[in-house]
Amino acid sequence: MEWKGRRQSDNIEDRRGDPSMGGLGRGGGFSFPSGGGMGRRGGGLSIGTIIFLVVIYLILKAMGIDLLQIMDGGMTTGGPGYEQSESGEQAPANDEMTAFVRTVLAETEDTWNGIFQSQGRQYEEPRLVLFSGQTQSACGFASAATGPFYCPSDHKVYLDTAFFNQLSRQFGASGDFAEAYVVAHEVGHHVQNLLGILPKFNEARQRMSETEANKLSVRVELQADCFAGIWGKFTQQKGILEAGDLEEALNAAQKIGDDTLQKRSQGYVVPESFNHGTSEQRARWFKRGFDSGQLSACDTFSGPV
């Protein structure tokens, strides 16, 4: 993917190295499989427990013990705008990975601004939050274990860029276009939110059983994959894609299918628990969006998926 030298988005909120951003919030985000858990975000602690933990944290802090650093594996940071690399060195916020994410986000902005404008609509550009380890969102507590996710409550995409290493090393999905697919998928959820699809889904699932809600969730996730494919089509038309890029994205979609992840983690699959789609479905719907470049091709709610 020939991304260097292209426009970079300013809609970035860099929280890396800022321990004050940890916390809890409301549920309802749309997460990307990370191997540490899939599906909707939720849960929480009682007020009394939270107050107790805050008091303990303040006491330890006064004693010179940073509990957040201990919980994060002893990682030290250089303040906002820095993240720690695997070698222990601190990488500035304007490193190559940040530039890459800014560029991909800018490309999604160009794509969706154009599509919405062609339909007489105004596209509201989302913000992308970069964090390391943990952070707070309007949809709940975000950590590296939950993977990238979109929060419809604050219209923000949350990304710990360490996930890209996991995508390559743990899932076997390497390449810059595979990483771009992750960002484009979460932006796809934002598009769904603007189109009123996510609000309808959140309302409908309140009246469903867990199995029924999972089936509807699969359709939501596959549509986000299809929307990511539409973005891929527009990048291709710009001449940004290189040989093998499409294969990288399709490989990533296959490697994070529910069936593949479950078989890898537990040795068997439980179809009724799927909430993102199978490997075959995810790759097929991304390719469908890529081939068509049309929103109309991404109707995952009519007929079989």
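Amide H to amide H distances under 5 Å link Phe141 with Gly25, where only residues 5 or more positions off or on other chains count and H is placed in the peptide plane.
Taking amide hydrogens as placed 1.01 Å from N in the peptide plane, the amide H of Val129 sits under 5 Å from those of Glu13, Val157, Tyr158, Leu159, each at least 5 positions away in sequence or on another chain.
Near Glu242, the amide H atoms lying under 5 Å from its own belong to Glu2; only residues 5 or more places off or on other chains count, and H is placed 1.01 Å from N. Of all DSSP-defined beta bridges confined to segment 92-203, some 65% are antiparallel rather than parallel.
Normalised by the number of residues in segment 208-296, the mean separation of alpha-carbon contacts (under 8 Å, six or more apart) gives a relative contact order of 49 percent. Along segment 131-138 the Karplus relation, 6.51 cos²θ - 1.76 cosθ + 1.60 evaluated at θ = phi - 60°, assigns HN-Hα couplings of 9, 10, x, 7, 6, 10, 10, 6 Hz to successive residues, with x for each Gly and Pro. Listed by chain and number, the lysines whose alpha-carbon sits under 29 Å from that of Lys4, ignoring those within fewer than 8 places in the same chain, are Lys156, Lys233, Lys238, Lys255, Lys287. The residues packed around Trp231, meaning those with a beta-carbon under 12 Å from its beta-carbon, carry a net charge of -3 if Lys and Arg are +1 and Asp and Glu are -1.
Couplings for segment 283-289, taken from phi via the Karplus curve 6.51 cos²θ - 1.76 cosθ + 1.60 with θ = phi - 60°, read 5, 5, 6, 4, 5, 5, x Hz in order; Gly and Pro are left as x.
Just so you know, all these numbers are worked out from the coordinates, no wet-lab data involved. Just so you know, these numbers come straight off a predicted model, no measurement behind them. Cβ coordinates were reconstructed from backbone atoms using ideal geometry, including for glycine residues, and neighbour counts include every protein chain displayed.
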